[in-house]
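Participant: Before I ask anything, here is the structure I am working with.
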Amino acid sequence: MSNNADANSLPKPDFPRLAIFALAALGGLWLYARYGTDSAVAVEGRSIFNWVRLHWRLDPDNFRTNWAMLAMCVLAVWLDRGRLAAARVSSSWRGTAVVALSLAVHVIGFRSQLPRLSLASTATALWGLAWAVWGWDVAKILVFPAGYLLLSFTNSLLVEVTMPLRLAASKFAVVLLQGVGIAAANRGTVVQSAAGGGFTFDVADACSGLRSLVTMTSLAAPYAWYTLRGAWRKAALFALSVPLAMLANALRIFTLGVVAEWIGMKLAMQLYHDLSGYIVFFLSIILLTTAGSVLNKDWKAKICEFRQKRRLQG
């Protein structure tokens, strides 16, 4: 059935199962709100949802897209409402096992003061609950919204790799600068002219590429899911979003060095520094869509067509 099917043509909701799911979900949400985290109760409280809200608010530049990701999860379920209503329904003990495992992970996260672990288990617990109540056919449809919810909760882990990102970006930018004949070197996260008296700038946290990485993964997931054919293509494009984001950020640092060397340090660090952020964002989108287009082609059919043409020409 089409996602855009008329509401009157959809099967009536299974209210008993819906009530069971709602009650169990509310109970789970209460559990995570009342006994969600024990890491900094005096400051953050015990609610895992308050914990993530505070962390997103403390770093709005890098995680401003996370609120939109939550809305995308709801939208994804709404778009698939026709398929969900028409899916075969049957209770599943496997879904119950996923819920039990998720709650066990939460207990480990709570006792070891690892709130991100507990937060991640909320997404799998909700998905497992849907599987337990409605069966695998429904759970299969909910793979994307559940996975995207998990991504929105776990991409804050990328904060831990800020320094490696800064080091990688500065090293690759120096390689590119040397490739176009600009004498450059890096000391840690500092990129500078090796000729002396030239440019010097530090790849700070804001330029680490974390923002690009978070944005690219949040865009790549729905783009891959809704536009590409086959699970391996979707997974490949999502995996490619990480190196593509890092490449785009390294290109930004490279162009900063080029502008600083050829035009001047003042222009590079004032006007171009801010402008380059927008340029890199659009470059990232172009790289992502190009990679998606390449992956989505039926290369086997094209190779067969090419061979057929060669035979005819021969």
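Values quoted throughout were computed directly from the atomic coordinates according to the rules given, and no laboratory measurement underlies them. Computed from a predicted structure; not experimentally measured. Here the Cβ is made from the backbone with ideal geometry for all residues, glycine too, and neighbour counts use every protein chain on show.
Participant: For His273 and Leu58, what does the FRET efficiency come to when R0 = 25 Å and r is the distance between their Cβ atoms, rounded to the nearest 0.05?
Facilitator: Between His273 and Leu58 the formula returns 0.55.
Participant: Could you pull out every residue, at least 5 positions away or on a different chain, whose amide H is within less than 5 Å of the one on Gly135? Hs are placed 1.01 Å off N in the peptide plane, and Pro or chain starts have none.
Facilitator: Ser90, Ser92
Participant: Under a point-charge model restricted to the Cβ atoms of Lys and Arg (+1) and Asp and Glu (-1), what is the dipole moment magnitude of the stretch 7-141 relative to its Cα centre, in debye to the nearest 20?
Facilitator: 220 debye
Participant: Can you give me the distance in nm between label points at Val294 and Ala104, each placed 7 Å from the Cα along the Cα-to-Cβ direction?
Facilitator: So the label points at Val294 and Ala104 sit 4.2 nm apart.
Participant: Using 0.36 nm per residue of separation minus the Cα-Cα distance, give me the extension gain between Val77 and Ala235 in nm, one decimal. Mind dumping the intermediate values first?
Facilitator: Details: separation 158, 0.36 × 158 = 56.88 nm, distance 2.02 nm.
My answer for the length gained is 54.9 nm.
Participant: Right, next: If you rank Thr37, Thr217 by fewest surrounding Cβ atoms within 10 Å, what's the result? Could the numbers behind the result be given before it?
Facilitator: On the way: Thr37 26, Thr217 20.
In order of increasing Cβ crowding within 10 Å: Thr217, Thr37.
Participant: While we're looking at this one, here's another question. Most exposed first by the Cβ proxy, i.e. fewest other Cβ within 10 Å, how do Ile108, Ile253 rank?
Facilitator: Listing Ile108, Ile253 from fewest to most nearby Cβ atoms yields Ile108, Ile253.
Participant: Any idea what the dipole of the stretch 91-192 comes to, in debye rounded to 20, about its Cα centre with Lys/Arg Cβ at +1 and Asp/Glu Cβ at -1? Write out the running numbers ahead of the final one.
Facilitator: Working: 7 positive and 2 negative charges, 48 e Å.
Taking the Cα centre of the stretch 91-192 as origin, the dipole is about 240 debye.
Participant: Additional query: Ala19 label point, 7 Å along Cα→Cβ, cut-off 18 Å on backbone N: hits in the stretch 95-131?
Facilitator: none
Participant: What are the ³J(HN,Hα) couplings of the stretch 185-190, residue after residue, when phi is run through the Karplus curve with 6.51, -1.76, 1.60 and θ = phi - 60°? Round to Hz, x for glycine and proline.
Facilitator: Ordered by residue, 3J(HN,Hα) equals 8, 10, 10, x, 9, 8 Hz.
Participant: What distance in nm lies between label points placed 7 Å from Cα along the C-beta direction at Gln178 and Lys309?
Facilitator: Here the answer is 4.2 nm between the modelled labels.
Participant: I would also like to ask the following. For the pair Leu157 and Trp67, what calculated FRET efficiency results from E = 1/(1 + (r/R0)^6), where r is the Cβ-Cβ distance and R0 = 22 Å, to the nearest 0.05?
Facilitator: That gives a FRET efficiency of 0.75.
Participant: Next up: Below 10 angstrom from the Cβ of Asp298, what's the summed charge of the other residues (Lys, Arg +1; Asp, Glu -1)?
Facilitator: Value of the local net charge: +3.
Participant: Something else now. Can you give the extra length, in nm with one decimal, that the chain gains between Thr96 and Leu114 once fully stretched, where that is 0.36 nm per residue apart less the Cα-Cα distance?
Facilitator: 4.1 nm
Participant: Let me ask something else. Just to be sure I understand the curve: with the Debye formula and one point per C-alpha of the stretch 7-141, what is log10 I(q)/I(0) at q = 0.09, 0.10, 0.12, 0.22 Å⁻¹?
Facilitator: The Cα Debye sum returns log10 ratios of -0.32, -0.39, -0.55, -1.31.
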